[in-house]
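These notes are about the structure you will find just below.
The values are calculated or read from the model by the stated rules, or taken from the named source; none is laboratory data. Quick caveat, the model's predicted, so the values are computed rather than measured. Counting neighbours? That spans all protein chains shown, and the Cβs are built from the backbone with ideal geometry, glycine included.
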Amino acid sequence: MKVSPEESERGALSPVSIRLAVQRVKADGYVVLEGVLPPEFIAELRTVFMRRFQEHVARTDSNRGVNRYQMHLPFEMPFIDLRVIAHPIVLSVIDAVLGPKVVCQYFASDTPMPGSDYQAVHSDIHALFPETDLVVPAYGLVLNIPLVDFRTDNGPVEIWPGGTHLAPMTLDMKALAPTMRSECVLLSAGSVLLRDLRMWHRGTPNRSSEPRPNIALIYARHWLKTEYPPISIPREAFERLPARAKELFRYERIVG
Ligand SMILES: O=C(O)CCC(=O)C(=O)O
């Protein structure tokens, strides 16, 4: 979905756009919002990210398959710019899907490097009721913010849209996924991908010569407890946040 220049200017989607975006998430498991972040801001994020990332790679083994890194982000600028953590356009869709009292409980990144491979198809959340086939409405959304274009050659995320977010968690994902329709999400930097935590997906090989960095946040209903470690937030940074952002991060680890 394209965000119109008027919506960008106002920092708010029209009610019709919000309704469409919400219905896309409910029906398809995801929505792409195009043109949410300006190129100069993406460039700044990418520069600072790549510095951090190179340091991380120099001292850590890859943790998401060969040449593929998940790295938590420090709770500092420019990563905690409100356009990343509490973008009004993005939050308007998140709020409409997840209801009041939403929290943000994951602040990290995924970067396939050249030489990375396919991941196993997976969902980003455990079953709430593993002993049953019960399917419930959305309770968590992943926000992906690409820091470079996602192209066919640089390891775009592959998704199984249109129903897998509503599939019982007892299904045999590994056997089923290869027999089902999937697509690679090709995105221009500046666009964002909002996807149901449950939607089946995987990383694909980066066959280019550059890393493909992507910021990932999880927003959820306030009662959800994931197995990810809490976000560590320096108290001064927390205190400087506006009320809405404070509310989003209120259950995280405020230190100092
Ligand atoms: O950004 C990507 O390539 C997806 C990575 C992913 O799904 C994961 O590591 O769990």
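For the range 44-85, the candidate set comprises residues that are among the small types (Gly, Ala, Ser) and surrounded by 12 or more Cβ atoms within 10 Å (Cβ to Cβ); within that set, the residue that is nearest to Val255 (Cα to Cα) is Ser62.
For the range 170-187, check the following and say yes or no: at least one residue is away from the ligand (no atom under 16 Å from the Cβ), within 24 Å of Gln23 (Cα to Cα) and not in a loop (DSSP other than H, G, I, E, B). No, that holds for no residue. The set of residues from the range 54-83 being over 23 Å from Glu227 (Cβ atoms) and not in a loop (DSSP other than H, G, I, E, B) comprises Gln54, Glu55, Val57, Ala58, Arg59, Leu82, Arg83. Total residues in the range 170-228 satisfying the condition of being free of Cβ contacts under 8 Å to residues at least 12 places away in the same chain and surrounded by 14 or more Cβ atoms within 10 Å (Cβ to Cβ): the figure is 1.
Kindly provide the set of residues from the range 196-217 that are small (Gly, Ala, Ser) and either near the ligand (Cβ under 10 Å from one of its atoms) or not in a loop (DSSP other than H, G, I, E, B) (or both), ordered by number.
Gly203, Ala216
For the range 246-256, the condition of being modelled with pLDDT of 95 or more, of a type in the set (A, V, I, L, M) and surrounded by fewer than 17 Cβ atoms within 10 Å (Cβ to Cβ) holds for at least one residue. From the list Leu37, Leu143, the lone residue that is within 16 Å of the ligand (Cβ to nearest atom), touching a residue at least 12 places away in the same chain (Cβ under 8 Å) and aliphatic (A, V, I, L, M) is Leu143. Residues of the range 148-169 that are assigned to a loop (DSSP other than H, G, I, E, B) and surrounded by fewer than 22 Cβ atoms within 10 Å (Cβ to Cβ): Val148, Asp149, Arg151, Thr152, Asp153, Pro161, Gly162, Gly163, Ala167, Pro168, Met169. Taken over the range 4-42, residues that are surrounded by 14 or more Cβ atoms within 10 Å (Cβ to Cβ), charged (D, E, K, R) and modelled with pLDDT of 95 or more amount to 3.
When Gly155 is tested against (1) in contact with an Asp or Glu (Cβ under 8 Å, 6 or more places away or on another chain); (2) on the phi > 0 side of the Ramachandran plot, only condition (1) is not met.
Restricting the range 85-115 to residues that are of a type in the set (Val, Ile, Thr) and away from the ligand (no atom under 16 Å from the Cβ), the residue that is nearest to Ile18 (Cα to Cα) is Val93.
Contact annotation: residue pairs with Cβ atoms under 7 Å, 6 or more positions apart or on different chains, pairing a residue in the range 151-169 that is farther than 24 Å from Arg68 by Cβ and away from the ligand (no atom under 13 Å from the Cβ) with a partner that is outside any loop (DSSP other than H, G, I, E, B) and not aliphatic (A, V, I, L, M), are Gly162/Asp28.
Evaluated against (1) hydrophobic (A, V, I, L, M, F, W, C); (2) closer than 23 Å to Tyr139 by Cα; (3) part of a helix (DSSP H, G or I), Ile42 falls short on exactly one condition, (2).
Summed over the range 116-132, the residues that are loosely packed, with under 14 Cβ neighbours inside 10 Å and more than 14 Å from the ligand (Cβ to nearest atom) give a count of 5.
Just one of (1) more than 11 Å from the ligand (Cβ to nearest atom); (2) in a strand (DSSP E or B) fails for Ala138. It is (2). Residue pairs whose Cβ atoms lie under 6 Å apart, sitting 6 or more positions apart in sequence or on different chains, and linking a residue in the range 54-70 that is on the phi > 0 side of the Ramachandran plot to a partner that is of a type in the set (Ser, Thr, Tyr) and at pLDDT 95 or above, are Asn67/Ser116.
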